Structure formats: C-alpha cells, structure tokens
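S.K.: Take this structure first; my questions come after.
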Amino acid sequence: MNNINHILVFDPITYAGGSKVATREMLDLINRKKHHITILTANPSSWLLRNVEMINMSHPKWLPISEHGKGYWLRQLYFCFWLIYTRIFYGKINMAVGASGPGIDMPLYLMKWLFGYQITQLIHGPVGLSRSIGLCLCKAQHIFYLKSTYPSLIAAIKQVWRKKAEHIQEENTEHLLRTHHFEAFVNGISEKNLPSPCQYHSPSLFWAASLLKWKGLDLLLEVINSTPESNRVPTRICYLLPENNALPTTEAPQEITSIEWHHQPAQLDRLRSQSNIFISTSHQEPFGLSILEALIAGMCVIIPSDGAFWDLVLTHNKNCLKYKPNDISSLQQQINKATSNIQLIKTIGKAGAHLSQGYRAEQCYLNIKLAIEKRSLSALSLNEVKQ
C-alpha cells in the first residue's frame with residue numbers, strides 16, 4: 001500500500017440514496033491497479049463495488065442526530081475516532097473523498113491537519129449556511145458541485161468573512177473561486193449499469209425515492225386516493241426509509257388499492273422495466289438520478305415545472321410531461337393524459353431516451369476521476385480521454 005495511492009471514501013449516512021449511486025459510479029471508474037479504495041461507511045449495502053476495502057462504521061442509537069449545536073459536534077467527534085482507526089489499521093491516506101457535503105463530511109476536515117491528505121469534496125445538494133461549512137469549502141483541494149447548489153456554496157463561503165463589509169466578502173469569495181478548484185458537474189450512468197428498457201404494453205406508474213417529505217410522495221398518494229378505484233392504473237412505489245434522521249418522513253406502506261409497495265428492493269431495475277410512466281414529486285430536486293434512469297429506460301417522465309435541473313433540460317410534450325408544482329389537479333391531468341394513450345407514452349419515452357445518451361458516467365465524471373486519482377486532464381493522452 002505504500003507504493004499505491006490510497007483513497008478513503010467517507011460515508012456516515014445510514015441509508016441509501018441517489019447521491020451514493022452517483023458516487024459509486026464515479027469510484028467504479030478508478031483504476032484499481034494504481035489506486036486502493038477504502039470505504040468507511042455506516043451503510044455497506046450501498047456500495048456494491050468490487051476490489052474495494054469496506055469498513056462497516058457502526059452508528060449507535062445514542063449518537064445525536066441533530067444538525068447543529070453540541071449534539072452535532074459530538075457526532076463529528078465520534079466519526080473522527082473512526083478516521084483514526086482507519087489510519088492506524090488501513091495505512092496512510094493520500095486522498096479523502098467527501099461523498100455527501102461538508103456539513104456531513106466535517107470529520108475529514110477536522111482530521112486533515114493530522115493526517116495530511118488531500119480532500120475531494122462532492123456536493124449533491126444545497127449546503128448549510130454556517131461559517132464552519134464555509135471554512136471547509138476553503139480547505140478542500142477540489143470541490144465538485146451540482147449547479148443548483150452553487151448559491152448555497154456562495155452563501156456559506158461568505159460566512160467565513162461575515163463580520164467584514166459586504167464588498168470584502170464579495171472580493172474574498174471571488175478570489176477563492178478563482179484560485180481554488182471549484183467545478184460544476186452533472187450526473188451520469190455508466191454503459192455497464194444502464195437501466196433495462198421499460199414495457200409499452202399497458203400503462204403503469206412508477207415512483208422511486210426516499211420517504212423524506214421533500215420527496216413529495218404525499219402528493220402522488222393524494223392523486224391516487226382521489227381517483228376512483230375503477231380508473232386507477234397499476235402503481236409501483238419503491239422507497240427508502242431514512243434511519244437516524246431528524247427530518248420529517250411520509251408513512252409507508254399504506255393500504256391503497258392499485259399500489260404495490262417495495263421497500264429498498266434489490267430488483268429495482270426489473271420493477272422499473274415493468275412500468276412505463278415515471279412520476280417525480282420532489283421539491284426542487286438538485287439533479288434527480290432516478291429521473292435520468294427513467295429517461296434511459298424509455299419511460300414517459302412526469303416532472304414538476306419548478307425550475308429544477310430537469311425542468312430546464314426537458315421539454316413538455318416532447319420528451320416529458322410537466323405539471324404545476326404541488327398541484328394535485330395538474331398532476332392528475334398529466335397522469336390521465338399519459339395513461340389514456342400508450343402511443344404517447346412510447347413517443348415521449350423514446351425522445352427522452354435519445355436525450356439521455358448525453359449523460360454517461362465515463363464523460364460526466366472524467367474530471368472527478370482525475371481529481372481523485374490526483375491527475376490532471378492535461379496529463380492525459382488523447383487515447384486515454386477517448387477511452
């Protein structure tokens with residue numbers, strides 16, 4: 001291990017989710033012959049990767065789950081001891097990857113001074129407004145963020161100089177962005193992990209996300225409950241139940257005619273392929289990897305017109321259907337439009353699948369791969385880039 005680049009991935013979140021799927025796709029591109037990957041995680045089942053070292057990090061029930069105050073810092077101290085354990089028993093760490101965001105990956109920054117590793121920070125959602133998070137963003141060697149999270153990054157960075165005049169905050173922030181590696185990215189899926197094509201025989205709804213309230217499952221359930229049972233189409237709901245989480249969640253499963261409930265199914269791809277209409281109900285989704293998966297599968301995607309990523313990329317009636325955010329009747333109208341016309345489902349689905357070809361992990365994550373491997377794009381040969 002002394003002659004190989006040791007990469008540590010830090011993951012204290014106890015449940016699966018789209019951000020972990022995206023990070024897993026990034027890591028799968030890393031050359032294992034030259035780079036050894038260790039994943040320190042509270043949820044090993046999220047990391048189905050070959051040729052990696054896995055450390056199952058326990059998350060005791062007594063550990064506070066608060067997002068601020070003494071409880072927050074006690075939790076960070078607990079995870080710092082896990083980093084010490086990893087360093088002692090798994091060797092020197094050259095690159096640490098924050099898989100969530102600086103507020104969650106704080107222990108990496110607290111221990112950076114002791115272990116001397118570089119940090120590549122991935123940001124899949126808005127960061128909190130705090131000086132400590134701003135300081136973390138100043139210390140990482142590479143920051144890769146979804147475009148929708150940029151305003152929150154700027155706000156957090158300004159907190160570092162919050163006692164200074166506004167123009168000084170602006171100048172310091174601009175200087176940091178010029179002199180440090182901040183780069184936006186979009187998610188992608190590798191060729192070998194492409195979802196299976198959906199069916200076009202009969203209409204069927206599909207929803208997949210966590211039960212966090214902001215994912216909006218309640219909206220879909222209200223639509224289905226307000227639809228006469230004789231008019232309902234089969235619906236598959238695949239959900240994750242967040243553990244050790246202080247945010248409000250939706251109750252599931254519920255006894256509702258026409259709905260099949262699947263808790264964190266291992267056969268997610270098969271269940272998705274048996275449907276053909278994907279419903280997104282999330283509020284201001286930073287990216288929506290499940291939407292990309294649905295597009296690749298050729299599903300007719302129904303999304304809110306809320307200004308989020310896919311709302312800006314997709315076109316209503318061409319490669320998706322859109323409804324007014326949080327509007328039951330509007331969502332109901334678009335569902336009825338799709339379920340009453342199987343040819344429309346196929347036409348929109350095929351158009352979405354064509355657009356999705358531009359979102360392959362091998363290209364979307366190239367710069368992130370290079371940063372984790374501690375290489376630069378200029379050091380690559382033309383053949384390597386093409387591969």
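The values are calculated or read from the model by the stated rules, or taken from the named source; none is laboratory data. Not measured: the values here are computed from a predicted model. Here Cβ is always computed from backbone atoms with ideal geometry, including for glycine, and neighbour counts include all displayed protein chains. Surface accessibility is based on the protein's heavy atoms, side chains included, excluding ligands, DNA and RNA. Shrake-Rupley method; radii C 1.70, N 1.55, O 1.52, S 1.80 Å.
S.K.: Tell me, what HN-Hα J-couplings in whole Hz come from the Karplus equation 6.51 cos²θ - 1.76 cosθ + 1.60 at θ = phi - 60° for each residue of segment 190-197, using x for Gly and Pro?
M.R.: With the stated coefficients, segment 190-197 comes to 6, 4, 6, 10, 4, x, 6, x Hz.
S.K.: Test of understanding: in a Gaussian network model of the chain with alpha carbons linked when under 10 Å, which of A96, A294, A252 would top the mean-square fluctuation ranking?
M.R.: A252
S.K.: Read phi for every residue in segment 340-351 and hand back ³J(HN,Hα) as whole Hz from Karplus 6.51 cos²θ - 1.76 cosθ + 1.60, θ = phi - 60°, with x for Gly and Pro.
M.R.: Whole-Hz 3J(HN,Hα) from phi for segment 340-351: 8, 8, 5, 5, 5, 4, 5, 4, 5, x, 5, 5.
S.K.: Pairing the Cα long axis of helix 166-179 with the longest principal axis of the chain, what angle in degrees results, from 0 to 90 and rounded to the nearest 10?
M.R.: Helix 166-179 sits at roughly 90 degrees to that axis.
S.K.: Using the Cβ atoms and a cut-off under 13 Å, what net charge is assigned to the surroundings of Y359, where Lys and Arg are +1 and Asp and Glu are -1?
M.R.: -3
S.K.: Show the residues, 5+ positions off or on another chain, whose built amide H is closer than 5 Å to the amide H of I119.
M.R.: Here the answer is A96, Q141, H142, since their amide H atoms fall under 5 Å of that of I119.
S.K.: Using only Cα atoms, find the angle between the long axis of helix 18-27 and the longest principal axis of the chain, and express it within 0 to 90 degrees, rounded to the nearest 10.
M.R.: The answer is roughly 50 degrees.
S.K.: A follow-up question, please. List every residue whose amide H lies under 5 Å from the amide H of V301, counting only residues 5 or more places away in sequence or on a different chain, with H placed 1.01 Å from N in the peptide plane.
M.R.: F278, L321
S.K.: Compute the acute angle (0 to 90°) between the alpha-carbon long axis of helix 69-90 and the principal axis of greatest extent of the alpha-carbon atoms of the chain; round to the nearest 10°.
M.R.: It works out to around 70 degrees.
S.K.: Still on this structure: Length gain on complete extension for the stretch K192 to E255, per 0.36 nm per residue less the alpha carbon to alpha carbon distance?
M.R.: Values: separation 63, 0.36 × 63 = 22.68 nm, distance 3.69 nm.
That pair, K192 and E255, stretches by 19.0 nm at full extension.
S.K.: Next question. Over the chain, give the accessible area per residue in Å² for a 1.4 Å probe, as an integer.
M.R.: Values: 17940 Å² over 387 residues.
In whole numbers, the chain has 46 Å² accessible per residue.
S.K.: Round to a whole number: what % of the accessible area of the chain belongs to carbon and sulfur, probe 1.4 Å? If you can, show how the numbers build up before the last one.
M.R.: On the way: 9420 of 17940 Å².
C and S atoms contribute 53 percent here.
S.K.: By average Cβ neighbour count within 10 Å, what is the ranking of 133-145, 187-199, 113-125 from highest down?
M.R.: The most tightly packed comes first, giving 133-145, 113-125, 187-199.
S.K.: ³J(HN,Hα) across segment 40-50 via Karplus (A = 6.51, B = -1.76, C = 1.60, θ = phi - 60°), whole Hz, x for Gly/Pro?
M.R.: Calculated HN-Hα couplings, in order: 9, 9, 8, 8, x, 5, 7, 10, 8, 10, 8 Hz.
S.K.: Run the numbers on segment 92-190 and let me know its relative contact order in percent, using alpha-carbon pairs under 8 Å that are six or more apart. Walk me through the numbers on the way to the answer.
M.R.: Details: 152 pairs, mean separation 24.7, N = 99.
Once normalised by length, the contact order is 25 percent.
S.K.: Where is the GNM fluctuation largest for the chain (alpha-carbon springs, 10 angstrom cutoff): F278, F89, F185?
M.R.: Top of the fluctuation ranking is F89.
S.K.: Another one. Distance from the Cα centre of segment 47-84 to that of segment 218-267, in angstrom?
M.R.: Cα centres, segment 47-84 to segment 218-267: 30 Å.
S.K.: Quick check: pseudo-label points 7 Å beyond the Cα along Cα→Cβ at Y85 and L268, how many nm apart are they?
M.R.: My value for the distance between the label points is 2.7 nm.
S.K.: Just report the Cα centroid separation between segment 1-43 and segment 306-356, whole Å.
M.R.: Value for the Cα centre distance between the two parts: 35 Å.
S.K.: Here's a follow-up. Using modelled backbone amide H atoms (1.01 Å from N, in-plane), which distant-in-sequence or interchain residues come within less than 5 Å of E53's amide H?
M.R.: I37, T38, I39
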